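Comments concern the structure below.
The values are calculated or read from the model by the stated rules, or taken from the named source; none is laboratory data. Given the structure is predicted, the values throughout are model-derived calculations rather than measurements. Cβ atoms come from the backbone with ideal geometry, glycine included; neighbour counts cover every protein chain shown.
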Amino acid sequence: MPQFGLVNGKVRHAMDAEIASAIQAARCRPAGEPRLFLGVLNEDGELYRYVTLAGLSQERHLRARLQQLGLSTESDPGVLRRLGTL
């Protein structure tokens, strides 16, 4: 399974470059368990990007970085959704 990527045909979030940077920073954090599969939503609420993170520490770091950007990570409305564990 790919570690991160874009969903074909979906419009990117206006802050996609900053979101991608936050994802990369989170993935540099120490790895752990469980492996988490997360989706990133655009302004229309459509899943356009996905990422696999290694543990809750990486997820917390990503949520903190997105919040620093002024993006909500809570559900409805929010840019980040946990889709499952691997």
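Would you mind stating whether PRO77 is assigned to a loop (DSSP other than H, G, I, E, B), in contact with a Ser or Thr (Cβ under 7 Å, 6 or more places away or on another chain) and either modelled with pLDDT under 95 or among the basic types (Lys, Arg) (or both)?
Working: assigned to a loop (DSSP other than H, G, I, E, B): yes; in contact with a Ser or Thr (Cβ under 7 Å, 6 or more places away or on another chain): no; either modelled with pLDDT under 95 or among the basic types (Lys, Arg) (or both): yes.
No, not satisfied.
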When residues of region 34-67 are filtered for being in contact (Cβ under 8 Å) with a residue 24 or more places away in the chain, surrounded by fewer than 18 Cβ atoms within 10 Å (Cβ to Cβ) and not in a strand (DSSP E or B), how many remain? 8
Applying the selection to region 69-86, what residues are surrounded by fewer than 19 Cβ atoms within 10 Å (Cβ to Cβ) and in contact (Cβ under 8 Å) with a residue 24 or more places away in the chain? LEU69, PRO77, GLY78, ARG81, ARG82, LEU83, GLY84, THR85, LEU86
Is it the case that region 16-28 has a residue that's at pLDDT 95 or above and part of a loop (DSSP other than H, G, I, E, B)? no
